Structure formats: C-alpha cells, structure tokens
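See structure below.
The values are calculated or read from the model by the stated rules, or taken from the named source; none is laboratory data. Given the structure is predicted, the values throughout are model-derived calculations rather than measurements. Here the Cβ positions follow ideal geometry from the backbone for every residue, glycine too, while neighbour counts run over all protein chains shown. With ligands, DNA and RNA removed, areas are computed over all heavy atoms of the protein, side chains included. Shrake-Rupley method; radii C 1.70, N 1.55, O 1.52, S 1.80 Å.
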Amino acid sequence: MQFSSFNIDLFLRDYWQKKPLLIKNPWSAWNNPLSPDELAGLACDDHVESRLITQESGDWNAENGPLPEDRFGQLDRLPYTLLVQAVDHYIPEVAAVIEPFRFIPNWRIDDVMVSYASDGGGVGPHFDHYDVFLIQGLGTRRWQIGEMCDENTPLLPHDQLRLLETFEPQQQWVLEPGDMLYVPPGISHNGVAVGDDCMTYSVGFRAPSRGELIGDWCDDMLAELLDDDRYADPDLAKQQNPGEISSDAIDRLHALVTEKVGDKDAFSRWFGKYNSTPKYPELDWQPEIPIDSDELRKQLADETPLYRNSASRFSYVRQHQEAVTLFVNGQAFECSGDAVPVAEMLCGEEQFSLDPDFAISDQVVDLLVSLCNLGSLAFESEDQNQA
C-alpha cells in the first residue's frame with residue numbers, strides 16, 4: 001500500500017501540527033484491508049482492547065470489551081460505533097496501512113485503531129492530544145472540524161468519554177473510501193457515519209507529555225540510585241546565622257539532582273527502551289521453537305527474507321559513526337561494525353534479506369537470533385503463519 005498523489009514535503013511544511021487537511025484518495029489503489037465481521041471477531045477476543053459506543057435518547061454509553069458474540073444482535077437500530085485498538089498488531093494487512101506514513105519517525109507512530117459504525121454512529125465531538133490520520137475504509141462518514149481545545153475546554157460529565165460540552169463546526173467534509181483527513185493535536189472534530197457499514201482507520205502518533213517524561217525518567221533513575229549517594233560538605237564553614245540555607249548548599253543540592261537528570265546519554269538510552277516497550281507487553285510473540293545461529297545462517301544463505309513483527313517497535317540512537325544502540329520491545333542492543341547497517345535496515349524496512357556477498361559476522365548473527373527468539377523477527381510473515 002502506498003501513496004500516489006500526496007505531497008509529503010508540502011504537508012510537513014504547511015499542515016503537520018498546524019491545521020487540518022482533507023486528502024482525497026491519495027492511494028495508488030485503495031483496498032479495504034479488514035471486513036466488519038473480522039473486526040467484530042477481534043472485539044470478542046480477551047487479548048484485544050475494544051469499546052462499543054452507543055447513543056440512546058441523547059445519552060452516550062461506553063462498554064469495554066471483550067464483547068459477547070451476541071451483543072451486536074441486541075443493538076436493533078441504535079446508532080453505535082465499535083472501536084478496536086492496535087489492529088495492526090494482529091492483522092498484517094492493517095499493519096501495511098502504516099508503511100506510507102514512515103516519513104514520520106518510527107518512535108512517533110503509535111498504532112492503527114479501526115472503527116465500525118452503523119448509520120448515525122460516532123463517538124461524539126472531542127479532541128485528541130496527538131496527530132491522527134483518519135482514513136475512510138468502507139462506506140461514508142461526515143467529519144466536522146471545530147476550534148482548538150485544551151485542558152480548560154469544558155467537557156460533558158462522563159466516566160469514559162471526553163466529549164465536548166459545546167461544539168461549533170467550522171469545516172465539514174464527507175469522506176468516501178480511500179479519502180483521508182489529517183487532524184492536528186487539540187483540534188476538535190466529530191465524525192458521524194452516513195449509512196451503514198462505515199469503517200475508519202485511525203493512524204495515531206505518540207506525543208508524550210512533559211509530565212510523563214519527567215515522571216517515568218525519574219522513576220527509572222530512582223530504581224538505580226544507591227542509598228549512600230548522599231549530600232556531603234567536607235569544606236563546611238561556620239555560618240553567621242544557622243537558619244540560612246546558604247547558596248553553596250543550594251548549589252551542591254541542585255547539582256546532586258541535576259547531574260543525574262541532565263545525563264543526556266542515560267536519558268537517550270532510557271527513552272529508547274521506554275518508547276519501544278510494547279503497547280501490550282503481556283502478549284507473548286516468542287516462537288515455540290527458538291532458532292539457533294546455525295539455522296539462522298542457513299536461512300540467510302538461502303536469501304530467505306526476514307519479516308518484522310508489526311507488534312514490535314524498532315528504533316535506534318546513533319552513538320557515533322561506527323555504533324548505534326538499537327531498541328526493540330523495551331530492550332537495548334549495542335551494535336557496531338557491520339551490525340550497524342543491519343540495525344538501520346531493521347528499522348527502515350518491513351522485510352529484508354541480506355545480500356549473499358554480505359559478510360555475516362557473529363555479532364550480526366547474535367543480534368538476529370536474539371530478535372527472532374524475542375518474536376520481533378521471523379523468516380515467515382504473520383499472514384503466512386496464519387495460513
């Protein structure tokens with residue numbers, strides 16, 4: 001799946017995190033990658049995060065999955081929307097929807113949420129804290145765009161839904177299959193299905209808050225600090241007033257904190273692990289039979305392609321020209337020499353095979369064996385495994 005008529009440079013310059021944009025069917029060929037029945041099946045799975053949003057007599061109701069199989073037959077003609085998170089983790093064809101968006105760094109990409117709505121169904125006027133591309137898969141949906149919102153914007157009282165108290169549309173479009181709407185963070189929007197069998201694919205992007213970064217980074221540091229790493233003042237001098245906290249003491253105390261918080265190398269290593277941690281770490285993707293180095297060398301020699309698990313997060317931080325740290329599923333892998341281009345290839349390609357003339361060192365083999373046994377790489381794609 002790829003774009004055929006989407007000016008990426010223009011989009012990044014004029015629209016990204018600035019203003020909404022309607023993109024009329026930019027695909028070389030749009031094919032809806034998932035049927036409504038398949039989506040409903042995922043919503044019944046214990047391991048899949050899903051919600052059912054219904055409207056009745058002006059009231060909004062939200063039910064968390066897994067949903068019983070007979071739930072959809074009980075809805076009669078109520079307008080409803082089924083939301084299923086991270087469908088790209090389970091359906092390779094949905095994971096392929098992400099690939100055209102790789103002009104945005106891997107670490108920013110979150111997942112693909114898929115929704116199915118009956119006529120009049122939606123989730124109400126709301127705003128998000130992250131960028132989102134809303135791709136119409138099946139049917140039609142009317143999207144309305146409103147004002148910029150923030151934490152001070154009044155919301156309706158609801159335990160699970162963050163619905164706007166008031167919403168004044170400023171722009172409006174009806175999207176047909178293949179059409180796409182980009183909505184920046186904070187912009188209010190409201191989507192309503194026009195007719196039945198309305199499916200929308202939401203490609204969302206991660207945007208950690210300052211509070212999340214500080215809190216999680218500090219929690220990680222605290223776990224490693226020693227109890228005897230304490231304040232010291234061996235050059236203490238007598239003060240005129242013992243009640244004063246001197247500027248020298250403040251400087252020492254401040255340095256005791258900031259020299260750890262300000263360690264950029266430690267932060268980059270922590271963030272790489274933090275950001276690559278799977279969204280659902282309880283899911284086990286490890287192969288039943290681990291691969292060993294001999295088998296891996298044989299497969300590589302045969303030019304068997306390796307496939308990246310769509311549920312795994314790959315990114316790297318460059319240490320210097322000859323070394324990178326690769327982050328996969330919350331783990332860090334130090335790569336140098338000929339492992340560097342392999343690590344870069346892993347992050348940039350959904351599938352790849354090594355050139356038979358490439359010198360496969362022990363370091364490269366060890367890296368690939370580790371990733372295969374982690375469940376992040378495999379010599380068969382997920383759809384082949386499911387066949």
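Please compute the length gained on full extension between H158 and E322, using 0.36 nm multiplied by the number of residues separating them and subtracting their Cα-Cα distance.
Contour length minus Cα-Cα distance gives 53.7 nm.
Give the distance, in whole Å, between the Cα centre of segment 283-298 and the Cα centre of segment 1-27.
The two parts, judged by their Cα centres, are 40 Å apart.
Once label points are set 7 Å from the Cα along Cα→Cβ at both D227 and R210, what is their separation, rounded to one decimal in nm?
With each label point 7 Å from Cα toward Cβ, the separation is 3.5 nm.
Given a 1.4 Å probe, how much area per residue of segment 253-387 is accessible, in Å²?
On the way: 7370 Å² over 135 residues.
Per-residue accessible area for segment 253-387 comes out at 55 Å².
What is the distance, in nm, between label points placed 7 Å from the Cα along the Cα-to-Cβ direction at D251 and at D294?
6.5
Which of H89, H254, H189 moves most in a GNM of the chain, Cα contacts under 10 Å?
H254
Using θ = phi - 60° and the Karplus relation 6.51 cos²θ - 1.76 cosθ + 1.60, list the HN-Hα couplings for segment 281-292 in order, rounded to whole Hz, with x at every Gly or Pro.
Ordered by residue, 3J(HN,Hα) equals x, 6, 6, 9, 9, 5, x, 5, 10, x, 8, 10 Hz.
Could you work out which residue, out of Y182, Y15, Y274, moves most in a Gaussian network model of the chain, that is, has the largest mean-square fluctuation with Cα springs under 10 Å?
Y15
The list (i) 1.18; (ii) 1.02; (iii) 1.06 gives values of Cα Rg over 2.2 N^0.38 Å, and only one came from this structure; which label was calculated from it?
(i)
For segment 105-117, take each phi angle, set θ = phi - 60°, evaluate the Karplus expression 6.51 cos²θ - 1.76 cosθ + 1.60, and give the result in whole Hz per residue in order, putting x for glycine and proline.
Going residue by residue, I get x, 3, 5, 8, 6, 9, 7, 10, 8, 10, 10, 10, 9 Hz, with x marking Gly and Pro.
Classify segment 258-387 as rounded, prolate or oblate, taking a ≥ b ≥ c as the square roots of the eigenvalues of its Cα gyration tensor: rounded when a/c is under 1.5, otherwise prolate if a/b is larger than b/c and oblate if not.
It is oblate, given that a/c is not under 1.5 and a/b is not larger than b/c.
When the convex hull of the C-alpha atoms of segment 163-221 is computed, what volume per residue in Å³ does it have? Don't skip to the answer; put the middle values down first.
Values: hull volume 9.0 nm³, N = 59.
Dividing the Cα hull volume of segment 163-221 by its residues yields 153 Å³.
Specify the inter-centroid distance of segment 42-82 and segment 134-171, based on alpha-carbon positions, in whole Å.
Here the two parts' Cα centres lie 20 Å apart.
Which value at 222 nm does the chain reach when only helices count, each DSSP H run of 4 or more adding -39,500 (n - 2.57), with the total divided by all residues and rounded to the nearest 500 deg cm²/dmol?
Values: 10 runs with 99 residues, N = 387.
Computed ellipticity for the chain at 222 nm equals -7500 deg cm²/dmol.
Taking the convex hull of the Cα atoms, report for segment 117-259 its projected area averaged over all directions, in nm². Can you show the working numbers first?
Working: hull surface 58.4 nm².
That works out to 14.6 nm², a quarter of the Cα hull's surface.
In segment 160-312, carbon and sulfur make up what percent of the accessible area (probe 1.4 Å)? Mind dumping the intermediate values first?
Details: 4800 of 9600 Å².
Result for segment 160-312: 50 percent of the exposed heavy-atom area is carbon or sulfur.
Determine the gain in length on full extension of the stretch R77-F101; use 0.36 nm per residue of separation and subtract their C-alpha separation, reporting nm with one decimal. Present the calculation step by step, with values, prior to reporting the outcome.
Numbers: separation 24, 0.36 × 24 = 8.64 nm, distance 3.64 nm.
Result for the pair: 5.0 nm of gain on full extension.
Compare R142, R230, R102 in a GNM of the chain, Cα atoms joined below 10 Å, and give the one with the largest fluctuation.
Greatest mean-square fluctuation among the candidates belongs to R230.
Using Cα centres only, tell me the gap between segment 329-353 and segment 89-133 in whole Å.
26
Distance in nm between label sites at E303 and R108, each 7 Å beyond Cα in the beta-carbon direction?
Here the modelled spin labels are 3.6 nm apart.
Considering the options H129, G139, T166, tell which one lies farthest towards the positive end of the dipole of segment 81-174, charges being +1 on Lys and Arg and -1 on Asp and Glu at the Cβ, about the Cα centre.
G139
What full-extension length gain, to one decimal in nm, is calculated for E165 and R13 as 0.36 nm per residue of separation minus the Cα-Cα distance?
Numbers: separation 152, 0.36 × 152 = 54.72 nm, distance 3.26 nm.
My answer for the length gained is 51.5 nm.
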